[in-house]
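K.L.:
Input: one structure, supplied below.
The values are calculated or read from the model by the stated rules, or taken from the named source; none is laboratory data. Since the structure is predicted, the reported quantities are computational estimates derived from the model, not experimental observations. Cβ placement follows ideal geometry from the backbone for every residue including glycine, while neighbour counts extend to all protein chains displayed.
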Amino acid sequence: MDREKIVVIDFGGQYNQLVARRVRECHVYCEIYSYRTDLEQIKAMKPKGIILTGGPNSCYEEGAATCEKELFEIGVPVLGLCYGAQLMMQILGGHVCKAPVREYGKIEVTVDQTSKLFENVSEKTICWMSHNDYIEEKAPGFRVIAHTRDCPTAAAQWDEKGLYAIQFHPEVLHTVEGFKMLHNFVYRICGCVGDWKMDAFVETSIRTLREKVGKGKVLCALSGGVDSSVAAVMLSKAVGGQLTCVFVDHGLLRKNEGDEVEEVFGPSGPYDLNFIRVNAQDRFYSKLKGVEEPENKRKIIGEEFIRVFEEEAKKIGAVDFLVQGTIYPDVVESGLGGESAVIKSHHNVGGLPDYVDFKEIIEPLRELFKDEVRQVGLELGISEKLVNRQPFPGPGLGIRIIGEVTPKKVRMVQEADAIYREEIAKAGLDKTIGQYFAALTNMRSVGVMGDERTYDYAVALRAVNTVDFMTAEIAEIPFEVLSKVMNRIINEVKGINRVFYDITSKPPGTIEFE
Ligand code: XMP
C-alpha cells in the first residue's frame, strides 16, 4: 500500500516548513511544493489533502503567486491558510481587498463548533493573525465558520467540496488549538489513518537500503554530528562491514569530541563498519596560520577537508555508493522543494561528490525534519547524548575563535567551552537552552591574578533559543551560574582573564560568534 501523503503548496510564506512539520506530528507524511508545480504532477502524487500556505503577496495584484482553479476541483480536500485562504476565495468568486483594520498577533476568534475543522475546539479561541488583506466577501457555496471583532470571515468552508479557508495560522504555537485544527483536517476531513511512524520508517529504510546496496561498497563522511551519525548507523544496520566511515579530525572540534566519535564508531564501539580516523590537525592549523577573516577561514577549512577526504577516498578506491546526511530542510532551502530562497548555502553543502569515485549518492534522511532524524536515531539505539547534540558548524571552533586560529587558542576555547557546558548541565539548564557555547574574542586586556599582572584574552559565552535558526532569542542564564562559570574559566584556563555574556539576539547578530 502506498504511504498516504498531504501536499503543502508553498506561496512563499515564512511558516511553510512549520505547516509540514505539524502535519507530520499528526503521523501523516507531508511534502512541500512550490505553487509553480504543475497540477498534473500534484495529482499524480494522489495526495489525501492539500494545504495552501501563507505568502507575502496580495492575491489581487498583477503577478501575485497563484494556482489553477482546477486545483479545487480534483476531489481532494483543500485547506487554505492566510494567503492561501484569500487566494481560494478570490479564485472561486469571492472578494479580497485591503482590510480596514490590519490584524497582527494573538486575536480571539469565535468558531462554529459544528464544523469538522473545529471539532473539540473551544468556541472562543486564541489564534495567530498576520494579515493586511481580508476576505471581504466569501465565494459562493461557502459558509462562514469563524469570525473576529475586525474580521467577519476568519474562516469559511464548503463542506461538500471539502474546501476550507482560514485567515489565521494554525501551524504556529501561538494559535492555542491550532494543532487540533490541523489534526481535524488531516483525519476527519482527509480521512488519513496516520501511517507515518518512525519505527516503521526505520524498518522500511533498512530493508530498502539493503536491497539497493546489494553487495556494493559504501562510503560515508562522518562528522560526529547528528545527521551523519544517524545516516551511518542506519547504513551499518543495513549492510554492516560493506560500509566505511571516514572521520576527519580537523583539530577544531570541542574538547574530547574526536575521541568520543571514535569510541562510538571505532572498532570497540557497537557498530559493524570500517572506521577510519584521520588526524589532520596540523594540516589545518598550518593552513589557517595568519588568516583572520571568517569567510576565508570557512573556505580554507572546507577546502582542506575536501583534500583530506579525497586522499582517503583514493586509498579506498572506487565505491558504489556515497552516503550524505542531507535532511528535508536542506532540500527545501536549496530551492528544490518549496518557494523559499537559498538561505544557508554555506551550511555543509559541499562538493564531496566531485572527487570521490562513486556511482550513486544515498541520502537516507532526505525526507526527514531534524526532530524526526533525532527520533530515528533513538529508534536505532544511538545514545541520547549523541542524538540530542547541539548544532555545530562544519568549520568548528575555527569560526568560534575571532581572528587568527592557533593551537593555543583552540585549547583555550575548548577548555572554556567544556567548563561552560558542564556547569549548564549541572544547573539543569541543558535541556531548556537551544544552543550554547563559548567563543574566544580577539581582545586582550589587563587583569590581575594573585599578585601578577596579566594581559590575556576575553572569552564570550553565548546562549540562544531558536525555532527555525533564522531568528534567535537570548536564553537567560541565572547570575549564579554565570558567575560560577566565570570563576572556573579564569581559574582553570590559562590565557583567559575576562568572561563576557553575549546578549545579542538574531537579528542583528547571528547565532554563531564569528
Ligand atoms: P548563524 O550563525 O548563521 O547560524 O545564525 C545558524 C545555525 O547554523 C549553525 N551553523 C552551521 N551549521 N555548518 C553547519 O552545519 C556551518 O558551517 C554552520 N554555520 C552555522 C549555527 O550553529 C546555528 O545553529
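K.L.:
Given the criterion more than 14 Å from Phe369 (Cα to Cα), in contact with a Ser or Thr (Cβ under 9 Å, 6 or more places away or on another chain) and of a type in the set (D, E, K, R), identify the matching residue among Asp38, Asp10. Steps first, please.
P.N.:
Working: Asp38 fails: in contact with a Ser or Thr (Cβ under 9 Å, 6 or more places away or on another chain).
Just a single option satisfies the conditions, and that option is Asp10.
K.L.:
Pull out all pairs, ordered by first then second residue, where Cβ-Cβ is under 8 Å, the residues are six or more apart or on different chains, the first lies in segment 274-298 and is charged (D, E, K, R), and the second is in a strand (DSSP E or B) and surrounded by 13 or more Cβ atoms within 10 Å (Cβ to Cβ).
P.N.:
These pairs meet every condition: Arg277/Phe247; Arg277/Asp249.
K.L.:
Yes or no: segment 102-110 includes at least one residue that is modelled with pLDDT of 95 or more, over 27 Å from the mean Cα position of the chain (by Cα) and buried (at least 23 other Cβ atoms within 10 Å of the Cβ).
P.N.:
Checking segment 102-110: at least one residue is modelled with pLDDT of 95 or more, over 27 Å from the mean Cα position of the chain (by Cα) and buried (at least 23 other Cβ atoms within 10 Å of the Cβ).
K.L.:
So, restricting to strands (runs of 3 or more DSSP E) that lie completely within segment 1-71, which ones have at least 1 residues that are under 22 Å from Gly194 (Cβ atoms) and out of contact with any helix residue (DSSP H, G or I) (no Cβ under 9 Å at 6 or more places or on another chain)?
P.N.:
Numbers: elements: 5-10, 29-34, 49-52.
Of the strands (runs of 3 or more DSSP E) lying wholly inside segment 1-71, those with at least 1 residues that are under 22 Å from Gly194 (Cβ atoms) and out of contact with any helix residue (DSSP H, G or I) (no Cβ under 9 Å at 6 or more places or on another chain) span 5-10.
K.L.:
Select from segment 498-514 the residues that are surrounded by fewer than 20 Cβ atoms within 10 Å (Cβ to Cβ) and more than 16 Å from the ligand (Cβ to nearest atom) and list them in ascending order.
P.N.:
The answer is Arg498, Phe500, Tyr501.
K.L.:
Moving on to the next point. For Val101, state whether it is in contact with a strand residue (DSSP E or B) (Cβ under 6 Å, 6 or more places away or on another chain) and not in a helix (DSSP H, G or I). Spell out the reasoning first.
P.N.:
Details: in contact with a strand residue (DSSP E or B) (Cβ under 6 Å, 6 or more places away or on another chain): no; not in a helix (DSSP H, G or I): yes.
For Val101, the condition - in contact with a strand residue (DSSP E or B) (Cβ under 6 Å, 6 or more places away or on another chain) and not in a helix (DSSP H, G or I) - is not met.
Okay, residues lined up against (1) of a type outside the set (Asp, Glu); (2) at pLDDT 95 or above:
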{"site": "Ala427", "(1), (2)": "yes, yes"}
{"site": "Ile433", "(1), (2)": "yes, yes"}
{"site": "Met449", "(1), (2)": "yes, no"}
{"site": "Leu461", "(1), (2)": "yes, yes"}
{"site": "Glu492", "(1), (2)": "no, yes"}
{"site": "Val499", "(1), (2)": "yes, yes"}
{"site": "Ile503", "(1), (2)": "yes, yes"}
{"site": "Glu512", "(1), (2)": "no, yes"}
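K.L.:
Now a separate question. Keeping to segment 468-497, report how many residues are touching a residue at least 24 places away in the same chain (Cβ under 8 Å) and under 30 Å from Gln14 (Cβ atoms).
P.N.:
Final tally of qualifying residues: 9.
K.L.:
Can you report the number of residues in segment 450-469 which are crowded, with 17+ Cβ neighbours inside 10 Å, among the charged types (D, E, K, R) and more than 16 Å from the ligand (Cβ to nearest atom)?
P.N.:
Within segment 450-469, residues that are crowded, with 17+ Cβ neighbours inside 10 Å, among the charged types (D, E, K, R) and more than 16 Å from the ligand (Cβ to nearest atom) number 1.
K.L.:
Another question, then. Just to be sure, is Ser340 modelled with pLDDT under 60, within 16 Å of the ligand (Cβ to nearest atom) and of a type in the set (Gly, Ala, Ser)?
P.N.:
Details: modelled with pLDDT under 60: yes; within 16 Å of the ligand (Cβ to nearest atom): yes; of a type in the set (Gly, Ala, Ser): yes.
Considered against the rule, which asks whether it is modelled with pLDDT under 60, within 16 Å of the ligand (Cβ to nearest atom) and of a type in the set (Gly, Ala, Ser), Ser340 comes out as yes.
K.L.:
Right, next: Take residues that are more than 24 Å from Asn256 (Cα to Cα) and charged (D, E, K, R) and tell me which of the strands (runs of 3 or more DSSP E) falling wholly in segment 405-501 contain 3 or more. Outline the logic, then answer.
P.N.:
Values: elements: 435-449, 452-465, 496-501.
In segment 405-501, 452-465 are the strands (runs of 3 or more DSSP E) which contain 3 or more residues that are more than 24 Å from Asn256 (Cα to Cα) and charged (D, E, K, R).
K.L.:
Here's another thing I want to ask about it. Residues being of a type in the set (Gly, Ala, Ser) and in contact (Cβ under 8 Å) with a residue 60 or more places away in the chain: count how many of those fall in segment 299-317.
P.N.:
At the first step, the residues of segment 299-317 found to be of a type in the set (Gly, Ala, Ser) are 302, 313, 317.
Among the residues that remain, those that are also in contact (Cβ under 8 Å) with a residue 60 or more places away in the chain are: 302, 313.
Matching residues across segment 299-317 total 2.
K.L.:
Only one of these is closer than 15 Å to Glu512 by Cα, surrounded by 12 or more Cβ atoms within 10 Å (Cβ to Cβ), of a type in the set (A, V, I, L, M, F, W, C) and at pLDDT 95 or above: Ala439, Ala472. Name it. First the steps, then the outcome.
P.N.:
Details: Ala472 fails: at pLDDT 95 or above.
That would be Ala439, the only listed residue that is closer than 15 Å to Glu512 by Cα, surrounded by 12 or more Cβ atoms within 10 Å (Cβ to Cβ), of a type in the set (A, V, I, L, M, F, W, C) and at pLDDT 95 or above.
K.L.:
Name the pairs: first residue in segment 500-514 and under 16 Å from Ile433 (Cβ atoms), second residue not in a loop (DSSP other than H, G, I, E, B) and not aliphatic (A, V, I, L, M), Cβ to Cβ under 6 Å, at least 6 apart or on different chains?
P.N.:
Asp502/Arg462; Ser505/Glu473; Phe513/Arg462
K.L.:
Okay, moving on. Filter segment 159-196 down to the residues that are touching a His at 6+ places or on another chain (Cβ under 6 Å) and surrounded by fewer than 19 Cβ atoms within 10 Å (Cβ to Cβ) and list them by number.
P.N.:
Gly194
K.L.:
Kindly establish whether Ala65 is among the aliphatic types (A, V, I, L, M), in contact with a Lys or Arg (Cβ under 9 Å, 6 or more places away or on another chain) and farther than 20 Å from Gly178 by Cβ. If you could, list the steps in order and put the result at the bottom.
P.N.:
Details: among the aliphatic types (A, V, I, L, M): yes; in contact with a Lys or Arg (Cβ under 9 Å, 6 or more places away or on another chain): yes; farther than 20 Å from Gly178 by Cβ: yes.
Taking the combined requirement at face value, the residue satisfies it.
K.L.:
Continuing with the same structure: So which residues in segment 136-147 are surrounded by fewer than 19 Cβ atoms within 10 Å (Cβ to Cβ) and either in contact with a Leu (Cβ under 7 Å, 6 or more places away or on another chain) or in contact (Cβ under 8 Å) with a residue 40 or more places away in the chain (or both)? Break it down stepwise before answering.
P.N.:
So the first thing to find is which residues in segment 136-147 are surrounded by fewer than 19 Cβ atoms within 10 Å (Cβ to Cβ), and the list is 136-137, 140-141, 143-144, 147.
Selection gives Glu136, Glu137, Pro140, Gly141.
K.L.:
Continuing with this model, one more query. Note down all Cβ pairs under 6 Å where the first residue falls in segment 89-104 and is touching a residue at least 40 places away in the same chain (Cβ under 8 Å), the second is surrounded by 20 or more Cβ atoms within 10 Å (Cβ to Cβ) and among the polar types (S, T, N, Q), and they're at least six residues apart or on different chains.
P.N.:
So the pair list comes out as Val96/Gln86; Val96/Gln90.
Residues are listed down the side, and each one gets a yes or a no for (1) within 15 Å of the ligand (Cβ to nearest atom); (2) of a type in the set (A, V, I, L, M); (3) touching a Phe, Trp or Tyr at 6+ places or on another chain (Cβ under 8 Å):
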| site | (1), (2), (3) |
| --- | --- |
| Gln375 | no, no, no |
| Ser383 | no, no, no |
| Arg411 | no, no, no |
| Ala427 | no, yes, no |
| Asp430 | no, no, no |
| Thr441 | no, no, yes |
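K.L.:
A further question on this structure: Give all pairs with beta carbons closer than 6 Å in which a residue from segment 388-417 that is farther than 19 Å from Lys289 by Cα meets a residue that is away from the ligand (no atom under 16 Å from the Cβ) and of a type outside the set (Asp, Glu); count only pairs at least 6 apart in sequence or on separate chains.
P.N.:
Cβ pairs passing all conditions: Glu415/Val493; Ala416/Val459; Ala416/Ile489; Ala416/Val493.
K.L.:
Just checking: which of the strands (runs of 3 or more DSSP E) contained wholly in segment 120-163 hold 1 or more residues that are closer than 24 Å to Glu61 by Cβ and at pLDDT below 95?
P.N.:
124-137
K.L.:
Hey, another quick one. Which residues, counting only those in segment 427-437, are free of Cβ contacts under 8 Å to residues at least 40 places away in the same chain and more than 18 Å from the chain's Cα centre (by Cα)?
P.N.:
Of everything in segment 427-437, those that are free of Cβ contacts under 8 Å to residues at least 40 places away in the same chain and more than 18 Å from the chain's Cα centre (by Cα) turn out to be Gly428, Asp430.
K.L.:
Is it the case, given these coordinates, that Glu423 is more than 16 Å from the ligand (Cβ to nearest atom), exposed (fewer than 12 other Cβ atoms within 10 Å of the Cβ) and among the acidic types (Asp, Glu)?
P.N.:
Values: more than 16 Å from the ligand (Cβ to nearest atom): yes; exposed (fewer than 12 other Cβ atoms within 10 Å of the Cβ): no; among the acidic types (Asp, Glu): yes.
Judged against the criteria, Glu423 is not a match.
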